[in-house]
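Structure first, then comments.
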Amino acid sequence: MANVRAALLQTTWTGSKESMIDEHERQMREAAKQGAQIICFQELFYGPYFCQVQDTKFYEYTEAIPDGPTTKRFQALAKELSMVVVLPMYEQEQPGVLYNTAALIDADGTYLGKYRKTHIPQTAGFLEKFYFRPGNLGFPVWDTAVGRVGIYICYDRHFPEGWRALGLNGAQMVFNPSATSRGLSAYLWKLEQPAAAVANEYYIGAINRVGIEELGDNDFYGTSYFVDPEGKFVGDTGDPHNPELIIRDLDLDLIAEVRNRWAFYRDRNPSQYGDLVQR
């Protein structure tokens, strides 16, 4: 049985980038003590969710990936703890070229690559087009010490095309770090990812921050969870109001079992889908 112990960290804004990074390191060490082999942090993990306002001062949160200090710090920590890390950050490729990005670091500290958020919202409380260019790296999947991992960030989850691309690229686990609020789409939170897990027959780790931050009224509702290829929650969902480190065992053998039972990849008919991307 190919079991992977996986962790998600949902937390509140602590008031500074430095304290957020310190808290995430502390929680990563705690996850390692509990046997976790891979961990994913929430969207833009070391900052507030500043997209509730439009202010260029928040460009100061950007870093180069992988050459910035946060990536380097967590590469060293991943190697020390033998843990794979999904690290969502605010990336500066060059001045004025900024992305909502997540880096992937293997259990030996190797930087494997990055995913840039593809779909960028612009609505009340989520003014992201002010801060981010749309992603341009496609939907990569990486071989890690614990299996094949893909990433899809927050608003991306509303678009089935990326989920499918990740499955076709061989993902066994897809992580969706998010910052999503109670009033706008809470009813979709426990609907979309389980449906995507079933349709694409892999595990999904859905992570959301918690609390109301000083920049706006968004009530981030946590409730982070893992869902399996049958669309079933793996254990309970996270607390809707408080920080929580969520650790679950994922049976990767279930993927092959489900794919043999529901042969969705066999029965796809791509010859009929050609005009979809033209609409």
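Here the strands (runs of 3 or more DSSP E) wholly within segment 40-147 that include at least 1 residues being of a type in the set (Asp, Glu), in contact with a Leu (Cβ under 7 Å, 6 or more places away or on another chain) and modelled with pLDDT of 95 or more are 84-94.
Based on what the data block shows, is residue 255 within 30 Å of residue 15 (Cα to Cα) and of a type outside the set (S, T, N, Q)? No; evaluated as a whole, the condition is false for this residue.
If you go through segment 4-31 and keep only what is farther than 19 Å from residue 210 by Cα and surrounded by fewer than 19 Cβ atoms within 10 Å (Cβ to Cβ), you end up with 5, 29, 30. Taking the criterion of being over 17 Å from residue 22 (Cβ atoms), touching a strand residue (DSSP E or B) at 6+ places or on another chain (Cβ under 8 Å) and surrounded by fewer than 18 Cβ atoms within 10 Å (Cβ to Cβ), the only residue of segment 67-94 that qualifies is 93. Screening segment 28-74 for residues that are over 15 Å from residue 85 (Cβ atoms) and among the aromatic types (Phe, Trp, Tyr) and picking the one that is nearest to the chain's Cα centre (by Cα) gives 49. The sole residue among 115, 111 that is over 16 Å from the mean Cα position of the chain (by Cα), under 24 Å from residue 247 (Cα atoms) and among the aromatic types (Phe, Trp, Tyr) is 111. Among the residues of this structure, residue 238 does not count as one that is surrounded by fewer than 19 Cβ atoms within 10 Å (Cβ to Cβ) and touching a residue at least 24 places away in the same chain (Cβ under 8 Å).
The values are calculated or read from the model by the stated rules, or taken from the named source; none is laboratory data. Everything numeric here is computed off the predicted structure, so don't read it as measured data. Cβ atoms come from the backbone with ideal geometry, glycine included; neighbour counts cover every protein chain shown.
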